[in-house]
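Read the structure below first, then the notes.
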Amino acid sequence: MLVMCVTMTLISTSMLFAQNRITGKVQEASSRNPIEYATVALYNEADNSLVTGVVTDAKGAFSLAKLKKGSYRLTVAFMGFQTFTKSGISLSGNTVNLGSIALQEDNQMLQEIEVKGEQLTAVTKVDRQVYDATKFEAAAGGTATDVLRNMPSVSINAEGDLSVRGSSGFVVLLNGKPVQSDAATILNQLPANAVKNVEVITAPSAKYDSEGKAGIINIITTKGATDNLYAQVNVRYGLPAVENYNNGKNPLRYGGDFTIAQQKNKLNWALGASYQRNDKSGRREGDVWTQIDDDPKFMFPSDGERSYVEENYSANLSLGYQATENTSFNFAAMGGIRDKTRLADIYYNDNRFADQDPSEAFKYYNHNSRNRQSDFFVTSFDFNHKFANASKLSASVLYEYTLLGGPTFNDNQRHGFTTPVESQYYYLKERNTNENPLNGFRANIDYSFKPSKLGQFEIGYQFRSLDHKGDFLYEREQLQDGKPTGDWEIVDNYSSNLNLQRNIHSAYGQLSGEKGAWTYGAGLRAEYMDRQVDFLGYENGQLMPENNREVKNYDYFKLFPSANLQYQVTDGFALKTAYSKRVQRTTTFKMNPFKEKEHSETLEQGDADLLPEFIDLVELGATQEIGDHTIFATAYFRNTENLINRTNTFDSDSVLNRVYTNVGNSKVFGLEIGTSLKLTDWWDFYAGGNVYHQHITGQFDYDDTDRDWMISIPVDTKAWQYSFNINTNFQITKTLSTNFAFNYLSERVTAQGEDSRFYSPNLSIKKTFLDNRLAVNFQWLNMDMGLLDTNEQRITTRGDYTARLADGSTQRQQFYTTTNYVYEVDQLIINITYNFNSLKNKSKKVKSEFGAKEF
């Protein structure tokens, strides 16, 4: 009732104003490029009081509506440009269009304009939330992942996996271009210094690719002025670890990146490269038991090292040519190497049945090292043309080649509990090698025009293809008298050949426009996908004949509608609603039907018949802007069919099998809130949170041909879950600032258990020198001081079900597993950035679209 009363009051107040409006478009005087986030302020000429203000959109456009009759003065300001002033604007029930406003560069006024035209941390638009990445100082010197963890919709767990509104299925755009890849992988290769803004699009329109059940994250890279050479160097160094967690090696953290760019006349170019070493130390504490029928429980608790060594190399080149005022071409290429090794040196000191004497426990040491490598090259070419009637045509092609691979070493020993290097005695030494070349291609063409007063109409077509081949070879070293012989034999059960081919054709139509206080959009995307998965196993150490290859085909034709609507109640208060239908297509490794041995107690297996997830999303929101403050709230409902989860099954006394499969349906309803406050001239405060209820229902069916049993497990889990992020910045002096950030993720339910809460506090202190060209940022990440449980997360699963054996009999199988991942805290890092001038980079990079998703 209170909300209704407030809303009606605001609506009634807005009716008192005549429909006076001032519109215009802001652009650079030299290049005629639109300027986004320019500050537009309107003053009453009678008393010089501030009436209202807005920031320009991505096209440089602005609109000041519902103004009283009178005479006004308008100013436009943006960092690095002279302030524009227009006086004597008379309103008497009319609309005044100021046309194009060209801002002239003025480097002498740069510092003053930076203060007056400061961007808000969060800006709400009809279909997205836009965040200023530069406000999150704890991310400086890191990657785009470190920036994203501060968004209200986004959360991150101990493994570094990102999720939006509790879902990990979302798509990344780079400067508006589709990058259909795993976000955590792509964003870990993009320096945080290159990110200007982050747009979170939770209910995308039909013009966007339908992929991504949680929506889209659009990364906007930095832009700069023309006719100048831009150069930036960034260096990052991590101080020695405060704690080593009894790890074999100390973690190393260092790296750097550089960018050189210029836009002059019709040509713009950019060249960049980066290197990052980002290790992470930690421990893994596990407790597991299994039980068959009424037999005693078999227990195998464990404890040991779990750490990561990660290196990233990348280089990129972009060339842009403005052939005419209305025609442009852009070429981009990027290549790189990513190498990530997860080390798990685990001690199993008490493996025994519950009724067995502890002195008879079977003890052993497992050295498990899993390496993932990715050598990739991706290139794209774009064409854009604007016609005389303001319609636009754009076309783009992208090709990617990625070579994925990396060995997994799984060595067990039982004598002395020393490392495998120091001991010659083993009872099991295994390795898993794989080589997975991937070829991806995308081509699209889009056309937009304005046929009537209804608004802008857009149509387009896109074709995507993926060809991913995989050879998985699992080998075991032969022993003689307990010693390795150097001869290896292939393990048939864990070796396979797998190929995936997928083609997607899609076309869309989208209408968007404005009428009075209403902003609207509606569209429809039609998509046809055909998928073929074929696989072949091993027998007696040899790949089986081709006539034994099994082929699985799946295709669909579906319509993906979308709609959004916003009503501007007053200048500062808006209501909006949206609907979007999405799809989440799975990665190749989740479709491998052959078991892979991850380490001594865990197998992993996919499902060749895995269905895509189909998602319906509805949301309703409100935004209130009061001066420099913004408050928004969005209620949403998301229904997911064919939900994919990782489930555990019983394999043997001391081994569990992880299976990726469709488990049923998920219903999520929640509320997302956020606020961006300018409390004083020196104190900014930003907070965002998301609370939601998830209910997973369905059934998990599994046919284990190796064990000759069938399992059917009902799924019915539900819980309230939440996350929140706090970020506050204090400008102590003109050149000294401090920033504190806190990220919290509550306990979440899964199909068979729950993941515990996870949180991370971070502090940074930044000092600038040489007229802001040199910046030194000291970061204290994952603050703990031995008082908290920072950077720590427990994952628990449990099962109690009946398996039907091949002879028709049944067997009750139970298991319980809980693992606590304890990762490094109190990380101290120094980040140094030097700009050779005060301008920023305008280059548009290309990113991996296919291979990164499989990494």
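Only one of (1) surrounded by fewer than 20 Cβ atoms within 10 Å (Cβ to Cβ); (2) at pLDDT 90 or above; (3) of a type outside the set (S, T, Y); (4) in contact with a helix residue (DSSP H, G or I) (Cβ under 9 Å, 6 or more places away or on another chain) is not met by L611, so which one is it?
(4)
For the stretch 38-68, give me each residue that is within 20 Å of I626 (Cβ to Cβ), surrounded by fewer than 19 Cβ atoms within 10 Å (Cβ to Cβ) and of a type in the set (K, R).
Within the stretch 38-68, K68 is the sole residue that qualifies.
Which of the residues spanning the stretch 522-545 are more than 16 Å from D209 (Cα to Cα) and under 26 Å from the mean Cα position of the chain (by Cα)?
If the condition is that a residue be more than 16 Å from D209 (Cα to Cα) and under 26 Å from the mean Cα position of the chain (by Cα), then R531 is the only one that fits.
Scan (1) farther than 24 Å from L524 by Cα; (2) among the hydroxyl-bearing types (S, T, Y); (3) at pLDDT 90 or above for the single condition Y636 breaks and write down its number.
Here Y636 meets the rest and fails (1).
Within the stretch 235-278, which residues are in a loop (DSSP other than H, G, I, E, B), of a type in the set (A, V, I, L, M) and crowded, with 18+ Cβ neighbours inside 10 Å?
Within the stretch 235-278, A241 is the sole residue that qualifies.
Does the stretch 708-721 contain any residue that is farther than 30 Å from N639 by Cβ and free of Cβ contacts under 8 Å to residues at least 60 places away in the same chain?
There is no residue in the stretch 708-721 that is farther than 30 Å from N639 by Cβ and free of Cβ contacts under 8 Å to residues at least 60 places away in the same chain.
Can you name the residue in the stretch 423-463 that is under 17 Å from A526 (Cβ atoms) and in contact with a Leu (Cβ under 7 Å, 6 or more places away or on another chain) and, of all such residues, is modelled with the highest pLDDT?
Checked the stretch 423-463; the qualifying residue modelled with the highest pLDDT is Y447.
Taking the condition of being assigned to a strand (DSSP E or B), under 41 Å from the mean Cα position of the chain (by Cα) and not β-branched (V, I, T), how many residues in the stretch 37-66 meet it?
Selection size over the stretch 37-66: 10.
Just to be sure I understand, how many residues within the stretch 365-403 are of a type in the set (D, E) and within 18 Å of D467 (Cα to Cα)?
2
I'm checking my understanding of the structure. Among residues of the stretch 181-197 that are crowded, with 23+ Cβ neighbours inside 10 Å and in contact with a Leu (Cβ under 7 Å, 6 or more places away or on another chain), which one is modelled with the lowest pLDDT?
If we take residues in the stretch 181-197 being crowded, with 23+ Cβ neighbours inside 10 Å and in contact with a Leu (Cβ under 7 Å, 6 or more places away or on another chain), then A183 is modelled with the lowest pLDDT.
State all residues of the stretch 455-481 that are touching a residue at least 60 places away in the same chain (Cβ under 8 Å), among the polar types (S, T, N, Q) and under 20 Å from T408 (Cα atoms); if no residue qualifies, say none.
Correct list: empty.
Just to verify a result, which residue in the stretch 612-654, among those that are of a type outside the set (D, E, K, R) and outside any strand (DSSP E or B), is farthest from S676 (Cα to Cα)?
Per the criteria, the residue is S654.
Right, P484: without any contact (Cβ under 8 Å) to a residue 24 or more places away in the chain, in contact with a strand residue (DSSP E or B) (Cβ under 8 Å, 6 or more places away or on another chain) and not assigned by TED's automatic domain parsing to the domain that holds T23 or not?
It is false that P484 is without any contact (Cβ under 8 Å) to a residue 24 or more places away in the chain, in contact with a strand residue (DSSP E or B) (Cβ under 8 Å, 6 or more places away or on another chain) and not assigned by TED's automatic domain parsing to the domain that holds T23.
Given the conditions (1) surrounded by fewer than 22 Cβ atoms within 10 Å (Cβ to Cβ); (2) modelled with pLDDT of 90 or more; (3) under 29 Å from the mean Cα position of the chain (by Cα); (4) of a type outside the set (S, T, Y), which single one is not true for D287?
(3)
Just give me the residues in the stretch 290-319 being modelled with pLDDT of 90 or more and small (G, A, S), in sequence order.
Once the filter is applied, which keeps residues that are modelled with pLDDT of 90 or more and small (G, A, S), the stretch 290-319 yields S302, G304, S307.
Of all residues in the stretch 484-518 being surrounded by 16 or more Cβ atoms within 10 Å (Cβ to Cβ) and among the β-branched types (V, I, T), which is modelled with the highest pLDDT?
Only one residue tops the list, namely I504.
For the stretch 614-660, give me each residue that is under 20 Å from L500 (Cβ atoms) and surrounded by fewer than 18 Cβ atoms within 10 Å (Cβ to Cβ).
Passing the criteria: only R646.
Considering only the stretch 519-555, state which residues are exposed (fewer than 14 other Cβ atoms within 10 Å of the Cβ), out of contact with any His (no Cβ under 7 Å at 6 or more places or on another chain) and part of a strand (DSSP E or B).
Within the stretch 519-555, E539, Q542, E550, V551, N553, D555 qualify.
Does L393 fit the bill of being surrounded by 15 or more Cβ atoms within 10 Å (Cβ to Cβ), modelled with pLDDT under 90, aliphatic (A, V, I, L, M) and in the same structural domain as F449 (by TED's automatic domain parsing)?
So L393 fails the test.
Taking T817 as meeting all but one of (1) more than 19 Å from E754 (Cα to Cα); (2) touching a Ser or Thr at 6+ places or on another chain (Cβ under 7 Å), write down the number of the exception.
Answer for T817: the failing condition is (1).
Going by what's in this entry, would S314 be described as within 30 Å of A261 (Cβ to Cβ), out of contact with any helix residue (DSSP H, G or I) (no Cβ under 9 Å at 6 or more places or on another chain) and surrounded by 20 or more Cβ atoms within 10 Å (Cβ to Cβ)?
Considered against the rule, which asks whether it is within 30 Å of A261 (Cβ to Cβ), out of contact with any helix residue (DSSP H, G or I) (no Cβ under 9 Å at 6 or more places or on another chain) and surrounded by 20 or more Cβ atoms within 10 Å (Cβ to Cβ), S314 comes out as yes.
Could we say that R283 is without any contact (Cβ under 8 Å) to a residue 40 or more places away in the chain and under 18 Å from T819 (Cβ atoms) here?
no
Just name the residue that is modelled with the lowest pLDDT out of those in the stretch 750-790 that are polar (S, T, N, Q) and closer than 30 Å to V715 by Cβ.
T750
Go through the stretch 334-352 and give me each residue that's touching a helix residue (DSSP H, G or I) at 6+ places or on another chain (Cβ under 9 Å) and either closer than 13 Å to W289 by Cα or outside any strand (DSSP E or B) (or both).
D350, R352
If you scan the stretch 560-611, which residues turn out to be basic (K, R), outside any helix (DSSP H, G or I) and under 23 Å from I644 (Cβ atoms)?
K581, R582, R585, K595, K597
Of the residues that make up the stretch 705-727, is at least one assigned to a loop (DSSP other than H, G, I, E, B), buried (at least 16 other Cβ atoms within 10 Å of the Cβ), under 25 Å from the mean Cα position of the chain (by Cα) and assigned by TED's automatic domain parsing to the domain that holds T802?
no
Anything in the stretch 773-831 that is among the small types (G, A, S), under 27 Å from R658 (Cα atoms) and surrounded by fewer than 16 Cβ atoms within 10 Å (Cβ to Cβ)? List them, or say none.
If the condition is that a residue be among the small types (G, A, S), under 27 Å from R658 (Cα atoms) and surrounded by fewer than 16 Cβ atoms within 10 Å (Cβ to Cβ), then A806, G808, S809 are the ones that fit.
Would you point out which residue out of Y230, Y237 is under 20 Å from V825 (Cβ atoms) and hydroxyl-bearing (S, T, Y)?
Y237
The values are calculated or read from the model by the stated rules, or taken from the named source; none is laboratory data. Remember, predicted model here, so these are calculated numbers, not experimental data. All Cβ positions, even for glycine, are placed from backbone atoms using ideal geometry, and neighbour counts span all protein chains on display.
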